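Data block below; observations after.
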Amino acid sequence: MTLYHSLSTILLLIAIPQGLDGTPTFKAHILKHVTSKTSSSDQQIAATEVINRILPQQAQYFKVGIDSRMKLNSFRIEKSDETEGKVYITASSGVAATKGFYYYLKYFCGCHVSWDGDQLNLPEILPSINETIEAPSSIIYYQNVCTWSYSFTWWTWSEWRRHIDWMALQGITLSLAPFQEDLWTELYSEYNITQHDIDNHLGGPGFFAWQRMGNIRGWGGPLTAKFKRFSSMLQLKIVQQMRRLGMTVALPAFAGHLPVQFKQFFPQSRISFVADWNGFPAQYASPVFLDPVDPLFKEIGAKFMKKAIARYGTDHIYFSDPFNENQPRSASARYLSEAAAGIFKTMTTADPLAVWLLQGWMLVKNPFWSDRAIRSFLTAVPKGRMLVLDLQSEQFPQYQRTQSYHGQPFIWCMLSNFGGTLGMLGSVDIVFQRIQETRNDENFTMLGTGITPEGINQNYGLYEFALEMGWLRNISSTDDWFRTYARVRYESEDEQLQNSWSIFKSTVYNFKGLELMRGKYTFNRRPSLKLSPWVWYNETLFNEGVNLLLHANASNALFKRDVVDLTRQFLQNTVDRLYLNIKGSYQTRNITSLRLYSNMFSELLQNIDSLLLTDRHFLLGNWLESAKALGQTSLERQKYEINARNQITLWGPQGQIIDYANKQWAGMVRDFFRPRWSLFLGELQSALETNGTINDTKTRDKIFRLIELPFSTDNKIYPTESQGNALEVARELFLVWSQRGTMLKKLPTESPVTKKN
């Protein structure tokens, strides 16, 4: 045993401090061995490289030092007359140093770095500073297992290196490395599973996450050997770069999901078919699940983990989610305790210092998981050897009902997005209040904060705010934070910009309900008369914010990107209002008004497509071309394009989860959403003209056959460069539809679900 392992084992044996009620009050030292093993000198080099990539012309003015004696997640920044024009950043790790660098850029130099682009116009003379920041969080977490499918699927090293730089600037200390298909191919072969059967089991790149979670098998596949090699080498570079910066990386562990042939090969083992998930047909449904109480689980799981460790090394933390949208075979306390113990025992067989990272999604709105069941499952693992992600703390927190996960440490996470869909949504004040309240309550075992969106590249300010809540104690006002956000993002002191973001913070980013908000809008959903659009905010006030933004004094690329996004939100609401008028016209059998509103609906969708076309962030072509670029043969390119198209449309062979991951992108509005609604509105008019009613089933089948399926398998090429002037188009459309919108019904401000209850 190495000296490091000996010290780590001692740390794990230290008694956990107890509160008056016996609840653990531990903090960072419980998981102290879960950390990067990179030397301080190498972390210093890695942090300096990030600065060089962000500011290649001014990097020489920043000097980084790593002092491991400093408090975990802390940095000190010094710049004065005595430092000869240099900014000295001393930090506890490489990632803390880069966070310190960004803190200085943002709050002292008025700069901004984001998913959407950068604003890096530094002042000629760098401001003086002498400040030390100690984060109140031991861990800053990022990623959802679904993010790798909804956002990262087609990325290459250039995209990943840029993203890891962003992660470092945001101070993220823990994340995932989920690619594993190459290791499973190797392991399945050792159990005599043929390549043909492996191909039928592993899903395509667009659907990895759900195949890994045991929801489906084979859909979007087969996976080529070339893609496995590419992804394996890519993940190796990702893991190495993250660790160089001092980040910790969680590797996958065995969750029990296997090819169906294992049930035949091991008839004496507890292997069962997984229940149907979202109506997938038999050939893509029901992988098998090996019960964690079976000895074979430990054998397979330990072999897999040893392969993962051999390839990627280890930070001693592993994620496994055996029951993510799958139910355990029994709700008995004894079984659930044995199942959890079996999974953890498998981990410690491969790594005696293993910590289990568990997504808490299985507990959300799931009646199976009673208080008794949760307690049995969580307490089967020694306290401090499981770290739970409270996956959607801003809407459905579980740490309260579980008595702080019965003593297991957890991360307070903001999810906010499902499927990578666009649409402005957030709960800023809830994030602000709950993180503070939970952090200050010693009865909670919260170790840190994180963001867990299923997809990125929308609502950026919301995510940066949540991440900064993990680092900064001195955020006293959400309104002030977003006013600063507007100032640095757009490089403008215009009061109108700051006022507009104050409005957005109090409208679209002030959701406080319990309704499931994903995909709630109208035009990007399969047409139906059963939709019930509504808004949770003052629409008139939001529109005033958009108008302020459109006429503010700013001109950079980030401003133009946000102009498109916010005008899209305004137009999206207008479409919803048009839909209510169309629905009312049909119900009152008014063919004249139905035709009028249908024509307006079609025109507005065409306008939305034209608006989205003015900014590269909203182009379907980029998603499709990125997918095809990973193919080395025409067959591979075709397969990846089908994966990319199907995920954002039908999500399954017959539309099993249709529109779940839809994207409001130029090209998709024109050739997918608009044709669907044109057909549907034509059916409504025909029904009134013949004094009949619309046949929902026939209309849905017609839409699937004539529009949805052909689009999912088409190979039309779409633009990858923007066209038109974003600000001019946005201003014109806002003016036109503000005027025309006065004749439309207002959107309800209460959801039908809430109203019904």
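The values are calculated or read from the model by the stated rules, or taken from the named source; none is laboratory data. From a predicted model like this one, the values you see are computed outputs, not experimental measurements. Cβ coordinates were reconstructed from backbone atoms using ideal geometry, including for glycine residues, and neighbour counts include every protein chain displayed. Protein only, heavy atoms only, side chains kept; ligands, DNA and RNA dropped before computing areas. Shrake-Rupley method; radii C 1.70, N 1.55, O 1.52, S 1.80 Å.
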When only Cα pairs under 8 Å and 6 or more residues apart are kept, what is the percent relative contact order across the stretch 329-419?
30
Over what distance in Å are the Cα centres of the stretch 130-188 and the stretch 369-393 separated?
24
Carbon plus sulfur, as percent of the 1.4 Å-probe accessible area of the stretch 158-261, comes to 54
Any idea what the dipole of the stretch 360-517 comes to, in debye rounded to 20, about its Cα centre with Lys/Arg Cβ at +1 and Asp/Glu Cβ at -1?
760
Taking only the C-alpha atoms, wrap a convex hull around the stretch 677-742 and report its volume per residue in Å³ as a whole number.
137
Ordered by residue, what ³J(HN,Hα) values in Hz, to whole numbers, does the stretch 668-674 give under the Karplus form 6.51 cos²θ - 1.76 cosθ + 1.60, where θ = phi - 60° and Gly and Pro are x?
6, 5, 5, 9, 10, 5, 5
Just to be sure I understand the model, the point goes 7 Å from the Cα along the line to the Cβ. What's the resulting A282 to E124 distance in nm?
7.7
The stretch 59-93 scanned against label point 7 Å out from I45 along Cα→C-beta; backbone N under 14 Å for none
Where only protein heavy atoms count, and the probe is 1.4 Å, what is the accessible area per residue for the stretch 287-385 in Å²?
34
Greater than 31 Å separation of Cα atoms is the criterion. Which listed pairs, K306/K663; K365/K745; K263/K306; K106/K228; K71/K505; K99/K639, meet it?
K306/K663; K365/K745; K106/K228; K71/K505; K99/K639
For the stretch 396-406, Karplus-derived ³J(HN,Hα) couplings (6.51, -1.76, 1.60; θ = phi - 60°; whole Hz; x for glycine and proline) come out as 10, x, 10, 5, 6, 6, 9, 6, 6, 6, 6
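Just subtract the alpha-carbon distance of S476 and V364 from 0.36 nm times their residue separation and send over the number in nm, one decimal. Intermediate values should be presented prior to the final figure.
Values: separation 112, 0.36 × 112 = 40.32 nm, distance 3.04 nm.
Residue separation times 0.36 nm, minus the Cα-Cα distance, leaves 37.3 nm.
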Rounded to the nearest 500 deg cm²/dmol, what is the calculated helix-only ellipticity per residue at 222 nm for the chain, with -39500 (n - 2.57) per DSSP H run of length n ≥ 4?
-14000 deg cm²/dmol
Could you run the Karplus curve 6.51 cos²θ - 1.76 cosθ + 1.60 with θ = phi - 60° over the stretch 161-177 and give me ³J(HN,Hα) per residue in whole Hz, x for Gly and Pro?
5, 4, 5, 5, 4, 4, 4, 5, 5, 8, x, 6, 10, 9, 8, 10, 9
Would you mind computing, in nm to one decimal, how far apart the modelled labels at T156 and R740 are, each placed 7 Å from Cα along Cα→Cβ?
4.2
Here the alpha-carbon Rg of the stretch 96-243 over 2.2 N^0.38 Å rounds to 1.36
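Given a 1.4 Å probe and every protein chain left where it sits, what share in percent of the accessible area of the stretch 396-459 is carbon and sulfur?
Roughly 39 percent of what the probe reaches on the stretch 396-459 is carbon or sulfur.
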Sequence neighbours fewer than 8 away in the same chain don't count; with that in mind, list the aspartates and glutamates whose C-alpha is under 15 Å from K560.
D116, D118, E491, D615, E721, E728, E732
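Hey, can you find the accessible area per residue of the stretch 541-621 for me, probe 1.4 Å, expressed in square angstrom?
31
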Would you mind computing, in nm to one decimal, how far apart the modelled labels at L596 and L706 are, each placed 7 Å from Cα along Cα→Cβ?
2.7
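With +1 on the Cβ of every Lys and Arg and -1 on the Cβ of every Asp and Glu, and nothing else charged, how large is the dipole of the chain about its Cα centre, in debye rounded to the nearest 20?
So the dipole magnitude of the chain works out to roughly 1580 debye.
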Can you pull the percent of the stretch 21-129's accessible area that's carbon plus sulfur, 1.4 Å probe, other chains left in place?
47
Of all DSSP beta bridges with both partners in the chain, the antiparallel percent, nearest 5, is 40
If I stretch the segment between L516 and Y107 completely, what's the gain in nm (0.36 nm per residue apart, minus their alpha carbon distance), one decimal?
143.7 nm
Could you tell me the distance between the Cα centroids of the stretch 575-590 and the stretch 687-757, to the nearest Å?
13
Of the candidate values (1) 31.9, 121; (2) 26.3, 86; (3) 36.6, 124, the one computed for Rg and Dmax of the Cα atoms in Å from this structure is (2)
